[in-house]
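See below for the structure under consideration.
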Amino acid sequence: MKFNLRQIEVFRAIMLTHSMSGAAKALHVSQPAISRLVSHTEQRLGLKLFERIKGRLYPTPEAEQLFLEVSAVYSSVQRVNQVAEDLIEHRSGVLRIACTANLSQSLLPTVIGKFLQSHPDVRISLQTKSPPALLQNLFAHQVELGIAYMPTTHPALAVELLYENRIVAVLPSAHPLARRRELHIDDLADLPFIGYASDIPFGQLVRQLFEQSKQVPQARVEVEQVHVACELVEAGVGVALADEQTVQARAWRNIVSRPVTPNIPTPVHVFYPLYKPLSRLAQEFVAVLKAPAREAAGTR
């Protein structure tokens, strides 16, 4: 390279200050050091950059032309430095996240809101995916984090527990069973029931839960998302099972939730590729994700 970044910096300083002494002051070096560097640069380039006329330093036409290109390069270098500083201070960037549908309606809006308070210039891409699609996106590096409650393990995935979670019964607040502190799964067998599609993970968990029951209720309505089931309970359509985290994430008006026995844990996890380091933004986001769980543990 005939013209390195240090030479560009010195050349630009001379062009802006119109003197070697001015460039020396701007760069906090001695004037002889500037003179030596200019001489060396002219030898490397094979061009005369400056001439003294009646004691004053003037750029040659070749220097004027070079200066146009140098200005563009210098602006780009400044931009690189700014991006690096932004990354260090977590001020900017793009964070791509995938989550399951229920969590996109409950957990993620709150966490994203808190995260953006301290990272106002960060752009977040939130994609709602089924668990298989979420895993595919992680393996293809299309997203950096996946958040879901699914019993998934893979040797190429890192998994961190975010929240313990459980299945609860959701009832109209005026329902006779709402007076109980806890329900058995058999208590729901003869009630109008809101069920879930069999091809979604939560629907499979509900079916697994009822396998331990004497009777399996016939679903009056079948849905794919927990918050939709809760809306239907609020509308008086029937009762439902839901995960506790989704129910507690919203202030419902006319429904209550009660623990059920037996139960199946539905913990919420964050997933990311094991052999790809997380960006600083992703690490910060995971810390915000975990904050409510740490606060809850501290109050116990």
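The values are calculated or read from the model by the stated rules, or taken from the named source; none is laboratory data. Quick caveat: nothing in here was measured; it's all calculated off a predicted structure. FYI the Cβ positions are ideal-geometry reconstructions off the backbone, even for glycines, and counts take in every protein chain you see. Please note that ligands, DNA and RNA were not included when accessible areas were found on the heavy atoms of the full protein model with its side chains. Shrake-Rupley method; radii C 1.70, N 1.55, O 1.52, S 1.80 Å.
Here Pro259 meets the list (1) buried (at least 20 other Cβ atoms within 10 Å of the Cβ); (2) more than 25 Å from Ser130 (Cβ to Cβ); (3) not small (Gly, Ala, Ser) almost entirely, failing just condition (1).
Residues in region 39-59 that are open to solvent by 60 Å² or more (accessible area, probe 1.4 Å) and either closer than 20 Å to Val73 by Cβ or among the basic types (Lys, Arg) (or both): His40, Arg44, Gly46, Leu47, Lys48, Arg52, Lys54, Arg56.
Just for strands (runs of 3 or more DSSP E) wholly inside region 117-172: which have at least 1 residues that are more than 20 Å from Ala101 (Cα to Cα) and either open to solvent by 20 Å² or more (accessible area, probe 1.4 Å) or not polar (S, T, N, Q) (or both)?
Working: elements: 121-128, 145-148, 157-163, 167-172.
Qualifying strands (runs of 3 or more DSSP E): 121-128, 157-163, 167-172.
The number of residues in region 9-27 that are within 18 Å of Val73 (Cβ to Cβ) and either of a type in the set (Phe, Trp, Tyr) or not in a helix (DSSP H, G or I) (or both) comes to 1.
Every condition in (1) at pLDDT 90 or above; (2) of a type outside the set (A, V, I, L, M); (3) open to solvent by 20 Å² or more (accessible area, probe 1.4 Å) is met by Cys99 except one, and the failing one is (3). Taking the criterion of being part of a loop (DSSP other than H, G, I, E, B) and either under 30 Å from Asn137 (Cα atoms) or open to solvent by 70 Å² or more (accessible area, probe 1.4 Å) (or both), would at least one residue in region 28-38 satisfy it? Scanning region 28-38, I find at least one residue that is part of a loop (DSSP other than H, G, I, E, B) and either under 30 Å from Asn137 (Cα atoms) or open to solvent by 70 Å² or more (accessible area, probe 1.4 Å) (or both), so the answer is yes.
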